[in-house]
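The structure appears right after this line, and notes come after that.
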Amino acid sequence: ICNLTIDNLFTKVQHTYGDGSKAGIRFEPDKTKDGSKLKITSLGENRFGNIRYWNPEGKNNEIIFEGTGSITVADVLKDCIDNGGYYGNHFNSAIGGTDHNKPSNGITINSGIIYAGTTEAENSSAIGGGGNGYGKVTINGGIVTAVASTTGTAIGGGIGFASAGGKGDVTINGGNVYAYNFENRNGIPSAAIGGAGSRDNAGNTGNVIITGGNIYAYAVGGTAIGGGSSQKSNGGNAVVEISGGNIIAISKAGKVSGSNSAGAGIGGGTGGTN
């Protein structure tokens, strides 16, 4: 169990694709045991390129965000021409798992101001699982903004392409939550909150429980809140339970082939044409 207080920390280090987490915080609990916890208390204004955390399903390990300060997680401080834009977090969630099916089971936000953003070139979920990875996120308070242009999610499961995207379990009990998943260059419709999408495989399951809070979810092509989508296969199932809160869920059509029709505001994922 580790209690970490951060106060006006700003990383200027830029990592490149594949070199780990030189620009952020990394928490790797023992995968064979339960009860490992990292509590990050934010004071002042803080910025990192990434916050790495992975933990398999069934293990009671947790990364917890609290405090009165802000944490910005976005590894974009310079322009690069590689891959059409900066992609240091390529397939790796800004807050959560890395590529290669690295799940993030146990991200909890209790308070503070959290912003997580990824670029279109990175094709990364903002908060949740890494590439093809499971993402479990619980929000109990604070102001949480997640912005992505990804085949994954803004909050939930990790990105998919040839393989299946990650399943997403998201619980919101309070706070102000803003999740935006704009159109990605591959035209794969994907959810803002819930399960991730894929080009070749079916979209993954999105389980979302909302008991309170103010939620704004915006997706292009896929569902705003619910299951993941697919360009060439079936949309993913969704189980959405709402017992409170103020919710705005918007899905709009995209311009790229494959996402040129809108999905559901709340519900199952969008299916492909093949």
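The values are calculated or read from the model by the stated rules, or taken from the named source; none is laboratory data. These numbers were taken from a predicted model, which means no experiment stands behind them. Using ideal geometry, Cβ is built from the backbone for each residue, glycine included, and neighbour counts are taken over all protein chains shown. Surface accessibility is based on the protein's heavy atoms, side chains included, excluding ligands, DNA and RNA. Shrake-Rupley method; radii C 1.70, N 1.55, O 1.52, S 1.80 Å.
Tabulated data
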| item | result |
| --- | --- |
| Stokes-Einstein D in µm²/s, Kirkwood radius over Cα pairs - region 53-185 at 37 °C with 0.692 mPa s viscosity | 232 |
| Surface accessible to a 1.4 Å probe, per residue, for the residues of the chain, Å² | 38 |
| Alpha carbon convex hull of the chain, projected area averaged over orientations, nm² | 12.3 |
| Estimated distance in nm for a label pair at GLU241 and LEU9, the labels positioned 7 Å out from Cα along Cα-to-Cβ | 3.6 |
| For a label point 7 Å along the Cα-to-beta-carbon line of VAL256, residues of region 166-198 with backbone N under 18 Å | 166, 180-193, 196-198 |
| Cross-link pairs LYS37/LYS255; LYS33/LYS167; LYS59/LYS252 - those with Cα-Cα distance over 31 Å | LYS37/LYS255; LYS59/LYS252 |
| Rounded D (µm²/s) - region 181-242, Kirkwood Rh over Cα pairs, Stokes-Einstein at 20 °C, 1.002 mPa s | 189 |
| FRET efficiency, 1/(1 + (r/R0)^6) with R0 35 Å, evaluated for ASN234 and ASP34 via beta carbons | 0.50 |
| Trypsin sites (Lys or Arg not before Pro) lying in DSSP loop within region 207-274, provided at most 11 other Cβ fall within 10 Å | LYS255 |
| Diffusion coefficient, µm² s⁻¹, Stokes-Einstein with Kirkwood Rh over alpha-carbon pairs of region 131-274 at 10 °C and 1.306 mPa s | 117 |
| Protein accessible area in region 94-172, 1.4 Å probe - carbon and sulfur % | 54 |
| Two-site label geometry, ILE248 and GLU45: point separation in nm, points 7 Å out along Cα→Cβ | 2.5 |
